[in-house]
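The values are calculated or read from the model by the stated rules, or taken from the named source; none is laboratory data. From a predicted model like this one, the values you see are computed outputs, not experimental measurements. Ideal geometry is used to build each Cβ from the backbone, glycine not excepted, and the neighbour counts take in all protein chains shown. All accessible areas refer to the heavy atoms of the entire protein, side chains included, with ligands and DNA or RNA removed. Shrake-Rupley method; radii C 1.70, N 1.55, O 1.52, S 1.80 Å.
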Amino acid sequence: MPEQFQNYIDGAWRDAADGATFESINPARNSDVVGLFPDSKAEDVDAAARAAREAFKSWSRMPAPQRGEILRHIGDVLTERKNDLAFEMTREMGKPFFETKGDVQEAIDTAYYAASETRRLFGHTVPSELPDKFNMSLRRPVGVVGVITAWNFPVAVPTWKIFPALAAGNTVVFKPSEDAPHSGMLLVQALLDAGVPAGVLNLVQGAGAAGQAIVEHPEINAITFTGSSETGAKIGAVCGRMHKRFSMEMGGKNPMIVLDDGDLDLAVEGLLWGVFGTTGQRCTATSRLIAHEAIHDDLVDRLAEKAKALRLGYGNEDNVDVGPLINQKALDKVTRYIGIGQDEGARLVIGGERATGDGLDDGFFFEPTIFTGVTRDMRIAQEEIFGPVLSVLKVGSYDEAVAAANDTKYGLSSSIYTKNVALAFKAMHDIEAGITYVNGPTIGAEAHMPFGGVKQTGNGHREGGWEVFDFYTETKTIYVDYSGKLQKAQIDNVED
Ligand code: UN1
């Protein structure tokens with residue numbers, strides 16, 4: 001019988017009210033059941049939301065630097081547990097151990113960064129237009145925040161949300177992805193061990209029903225979500241109706257442009273990491289290569305040769321470069337897109353099939369795949385596949401490259417390889433994306449920099465960095481009049 005885990009609500013570990021559970025399995029070894037988790041519903045979310053609301057009273061009043069001390073301690077606990085945590089994450093969601101260690105490190109960086117921000121959380125002081133009057137703004141927490149996350153960064157991405165939320169004085173109801181509940185639980189355990197008080201952080205495991213209950217709960221003031229654009233649109237509609245603040249981090253179709261003067265060795269290395277890292281299951285994955293015709297064939301040949309040599313396997317074993325896809329649904333989806341690409345007339349250079357054989361048959365492995373001859377209108381150039389599949393487009397100029405890069409509904413990350421400083425700077429402005437890398441692939445965000453996308457990738461907010469605190473705080477504007485008389489703005493100072 002697999003181990004059974006619980007929700008954490010109001011300072012206590014509990015089953016779902018109706019006792020229902022779901023299973024989490026190892027995507028590289030399907031017979032390995034990681035555990036059973038509560039399949040929570042509205043009743044569980046309600047208990048969590050009410051606990052968070054109650055805890056908000058004291059947590060929001062604690063001086064921010066004291067909350068920062070707890071966050072710093074969280075960073076210390078995660079540092080101690082880094083290897084153990086990474087092992088369990090790899091077991092549950094499949095990316096290799098060196099990648100899950102990076103995932104935990106991103107959480108550690110986020111903890112220390114959020115701790116440092118608790119000594120800033122600046123407002124403004126601004127001159128008044130009237131004499132003997134003082135104007136300022138300060139930040140107040142929003143209230144209870146609902147955190148709904150994806151499985152691909154099962155520790156880092158929840159911490160991008162939970163840590164700044166807590167730093168700013170909010171309390172949290174957290175639902176990890178149903179594909180990574182154990183990782184979410186271990187993260188919560190680390191936070192509790194580091195001293196987060198009862199009720200401040202509540203864990204509700206489950207799938208769509210739990211997520212929907214969080215979005216619809218009237219005591220939850222803000223929703224932060226990482227996942228698909230389709231789910232994001234549904235969440236946004238409810239939040240709009242209920243006047244909730246919401247931050248959405250959704251799909252991408254991230255281009256790498258390689259111009260004719262680009263360093264090809266560097267570009268190949270960047271592509272291997274950007275396209276096939278995390279088996280292409282990042283919202284920031286490099287999924288389109290836009291190659292100048294002068295270097296196109298050479299670049300594709302070199303990349304194909306190296307991509308074929310990538311070692312697939314269970315990421316907790318030695319010498320594994322690429323893990324499996326997350327589940328059967330993902331395998332079906334990626335397989336479907338191979339057919340779509342071929343029907344559209346793209347040329348399959350390598351891959352295109354489920355990977356089988358030595359140690360792979362019991363997992364959702366898929367071969368690294370490259371399509372050439374892709375044109376801008378094809379679905380494999382437009383739609384997010386979320387797998388190890390690269391679509392290569394050939395262009396004749398910088399202008400054509402940028403036009404191709406921008407020809408998608410998404411706008412998260414992007415990259416350009418060139419030695420031409422003028423074109424690199426032009427691209428920083430011309431590419432429609434929240435992030436542009438110069439001479440690096442589309443992945444590699446750092447915890448203290450703003451992260452997010454334009455167009456249908458996001459809804460205008462940023463995670464990470466200082467900007468995330470704009471989402472987790474409300475601005476209060478304050479006027480202090482010490483003139484001893486009634487002063488009228490817009491009226492007293494202006495003579496008609
Ligand atoms: C995501 O795919 O949801 O820059 C986040 C990166 C990582 C974060 C990815 N640091 O790819």
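Name the residues in region 197-218 that are within 15 Å of Asp10 (Cα to Cα) and either assigned to a helix (DSSP H, G or I) or open to solvent by 10 Å² or more (accessible area, probe 1.4 Å) (or both), would you?
Pro197, Ala198 - these are the residues of region 197-218 that are within 15 Å of Asp10 (Cα to Cα) and either assigned to a helix (DSSP H, G or I) or open to solvent by 10 Å² or more (accessible area, probe 1.4 Å) (or both).
Just to be sure, is Met428 open to solvent by 50 Å² or more (accessible area, probe 1.4 Å), among the hydrophobic types (A, V, I, L, M, F, W, C) and within 16 Å of the ligand (Cβ to nearest atom)?
No.
Gln456 - would you say it is surrounded by 15 or more Cβ atoms within 10 Å (Cβ to Cβ) and more than 16 Å from the ligand (Cβ to nearest atom)?
So Gln456 does not fit the description; no.
Of these, Val374, Val349, Val320, Val300, which one is touching a Pro at 6+ places or on another chain (Cβ under 9 Å) and touching a residue at least 12 places away in the same chain (Cβ under 8 Å)?
Within the list Val374, Val349, Val320, Val300, the selection yields Val320.
Taking interchain pairs and intrachain pairs at least six residues apart, which have beta carbon atoms under 9 angstrom, with the first residue in region 2-23 and of a type in the set (Ser, Thr, Tyr) and the second assigned to a strand (DSSP E or B) and open to solvent by 50 Å² or more (accessible area, probe 1.4 Å)?
Sorted first by the residue in region 2-23, then by its partner, the pairs are Tyr8/Arg14; Thr21/Gln4.
Looking only at region 210-223, decide whether some residue is charged (D, E, K, R) and closer than 21 Å to Gly464 by Cα.
Checked region 210-223: no residue is charged (D, E, K, R) and closer than 21 Å to Gly464 by Cα.
Can you give me the ranges of the helices (runs of 4 or more DSSP H) entirely in region 359-469 with at least 1 residues that are on the phi < 0 side of the Ramachandran plot and of a type in the set (Asp, Glu)?
Per the criteria, 398-406, 421-430.
Within the bounds of region 382-393, is there any residue that is open to solvent by 20 Å² or more (accessible area, probe 1.4 Å), within 16 Å of the ligand (Cβ to nearest atom) and acidic (Asp, Glu)?
yes
Taking only region 431-450 into account, find how many residues are open to solvent by less than 30 Å² (accessible area, probe 1.4 Å), within 26 Å of Ala114 (Cα to Cα) and more than 12 Å from the ligand (Cβ to nearest atom).
1
Of all the residues that make up region 281-338, how many are in a helix (DSSP H, G or I) and within 16 Å of the ligand (Cβ to nearest atom)?
So the answer is 1.
Return the pair list, or none, for Cβ contacts closer than 6 Å from residues in region 445-467 that are closer than 18 Å to Ser228 by Cβ to residues that are among the polar types (S, T, N, Q) and within 14 Å of the ligand (Cβ to nearest atom), at least 6 apart or on different chains.
Gln456/Ser229; His461/Ser247
Please specify each residue of region 153-176 satisfying the condition of being open to solvent by less than 10 Å² (accessible area, probe 1.4 Å) and either within 13 Å of the ligand (Cβ to nearest atom) or in a helix (DSSP H, G or I) (or both).
Pro154, Val155, Ala156, Pro158, Thr159, Lys161, Ile162, Phe163, Pro164, Ala165, Leu166, Ala167
Name, by its number, the condition in (1) over 14 Å from Glu249 (Cβ atoms); (2) open to solvent by less than 90 Å² (accessible area, probe 1.4 Å); (3) within 14 Å of the chain's Cα centre (by Cα) that does not hold for His461.
Failed condition: (1).
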